[in-house]
1. I'd like the Karplus ³J(HN,Hα) series for the range 331-345: coefficients 6.51, -1.76, 1.60, θ = phi - 60°, whole numbers in Hz, and an x wherever there's a Gly or Pro.
2. For the range 133-188, what is the relative contact order in percent, using Cα pairs closer than 8 Å and at least 6 residues apart in sequence?
3. So what's the net charge close to Asn356: Lys and Arg +1, Asp and Glu -1, counting the other residues with Cβ under 14 Å from its Cβ?
4. Which residues in the range 331-367 place their backbone N less than 19 Å from a point set 7 Å from the Cα of Arg374 along the Cα-to-Cβ direction?
5. At 1.4 Å probe size, put Glu124, Glu495 in order of accessible surface, largest to smallest.
6. Between the range 162-233 and the range 334-355, how far is it from one alpha carbon centroid to the other, in angstrom?
7. Relative to the longest principal axis of the chain, what angle (0 to 90°, nearest 10) does the C-alpha long axis of helix 149-159 take?
8. If you stretched the chain out fully between Ala321 and Arg89, how much longer would it get, using 0.36 nm times the residue separation minus the C-alpha to C-alpha distance?
Amino acid sequence: MANMHTFSACMALADLHGDGEYKLVVGDLGPAGRQPRLKVLKGPTVLSESPLPALPAAVATFLMEQHEPRTPALALASGPCVYVYKNLRPYFKFTLPQLPANPLEQDLWNQAKEDQIDPLTLKEMLESIREKAEVPLSVQSLRFLQLELGDMEAFVNQHKSKAIQRQTVITAMTTLKKNLADEDAVSCLLLGTENKELLVLDPEAFTVLTKMSLPSVPVFLEVSGQFDVEFRLAAACRSGNIYVLRRDSKRPKYCIELNAQPVGLVRVHKVLVVGTTQDSLQGFTHKGKRLWTVQMPAAILTMNLLEQHSRGLQAVMAGLANGEVRIYRDKALLNVIRAPDAVTSLCFGRYGREDNTLIMATRGGSLIIKILKRTAVFAEGRGEAGPQPAQAAKFSVPRKTRLYVDQTLREREAGTAMHRSFQTDLYLLRLRAARAYVQALESSLNPVSATAREPLKLHAVVQGLGPTFKLTLHLQNTSTTRPLLGLLVCFLYNEALYRLPQAFFKVPLLVPGINYPLETFVESLSDKGVSDIIKALVLREGQSAPLLSAHINMPVSEGLAAA
């Protein structure tokens, strides 16, 4: 139980002292009111701790220079600053450049400085600016708007002489090789900020080398290539999209639209693997083409890359809410690790003197360290890996006949004419179906109501041999909750052939889901063995158009025919 609360972006493995002993660097969030801290661990033991001024956003290790000894520097992003450590001692502090303040906000604080405006009016004016202005308010104004009325005057007196400063914060950080692809090459820092920008920092002077804009705030970054040669950058943003940028492009070149919010982004070779809040892993190319999708049994909490250099293996690790850590190569499941609690942080690499070590931090604050066996081989096929074996079986396709070849040539030569003929027949079929449907609606031939306001279903049954028949109408309310009242039933028939004791009557209250049989008798008047159609209509009181109808084909009266 290490009492450690962090996430994958705030964990890094590095040889901080150049002695071949890799340490674990953790940016601890410090829950339960405790101050955030930077921890360095060797094995399960904490070597050093140092307090942080704000919550950490990301941790990264990188080489700043080519001089010996080749010890990497540690960069920790927290708030608007990047704290750089060398040999675990503070080396440099980079602060994001300030953003231009809102001129209307600046004018209001200048009036407050000269006592030309009272705090209550200042609050009302700042609230109107916050709702309408394109430039957001500064932190000073936002804190002022959160105060109670009694504390406003003291706050104004304390801050009215200070200049308005609008500062953004860092949301994501990673490293980008400067000019070489070697593992021990010099790297630049790549920062994603709250004001929808990406900054590349020089590793020596810590100046901004280039700046790129995004349509949304970046939360996950993946980059490949070298800054001086060619690089490709993928940024998963809060808008639910992934934007892909290349060198010398100030705006995104490609956009991948997700169907849910991203919870992790990992680059495996040339494939971007993203986890979403819909419990799925999805693989995309850098141009936005979806390659595969794998559904997870629980929500994805964290993701990271598993890279085994000795075997050239790259896979993605996903920590799930049910305590499982699943390892996938493309959509093939390689392994499942079960933890006693939900895993919220994952880190894989060289730890101590072991090359392949998996470090997991759980939701409860525990730390789990697993070492991969040197003889271990990840085998596919342990779960919902690719297609079934039956799908991989080859079909015994017969040889091409002369008739098949002639038909193929005909289709090539007359392909356009055949397609047009097919489209013409298809349009005619659709037109006839639409006309028949409209005719059925206009004449109310449908036994089910076409309107959602009157959910009804009608069915008619004729019984008997004649000359007297029993006619039963089965009427049903298909609604789930609403009863129907005020309905009428009317019969239209040839009075020279038939006689009904009651051709018009009211329908009782229809309870949803119950079939109501409405019975009446029909007497045949013709002795010549002829029959006709009786039309049953269901109407609403005060309306002339029927809701639905049934056409009843009356049988020939056997009694009169025999007579």
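The values are calculated or read from the model by the stated rules, or taken from the named source; none is laboratory data. From a predicted model like this one, the values you see are computed outputs, not experimental measurements. Quick reminder, even Gly has a Cβ in these numbers, built from the backbone with ideal geometry, and neighbours come from all protein chains shown. With ligands, DNA and RNA removed, areas are computed over all heavy atoms of the protein, side chains included. Shrake-Rupley method; radii C 1.70, N 1.55, O 1.52, S 1.80 Å.
1. 9, 8, 7, 8, 7, 10, 10, 9, 9, x, 9, 5, 8, 10, 9
2. Details: 27 pairs, mean separation 15.8, N = 56.
Reported relative contact order: 28 percent.
3. Net of charged neighbours comes to +3.
4. Inside the label zone: 349-358.
5. Final ranking, largest accessible area leading: Glu495, Glu124.
6. Distance between centres, Cα-based: 28 Å.
7. That helix lies at roughly 40 degrees to the long axis.
8. Gain on stretching Ala321 to Arg89: 79.8 nm.
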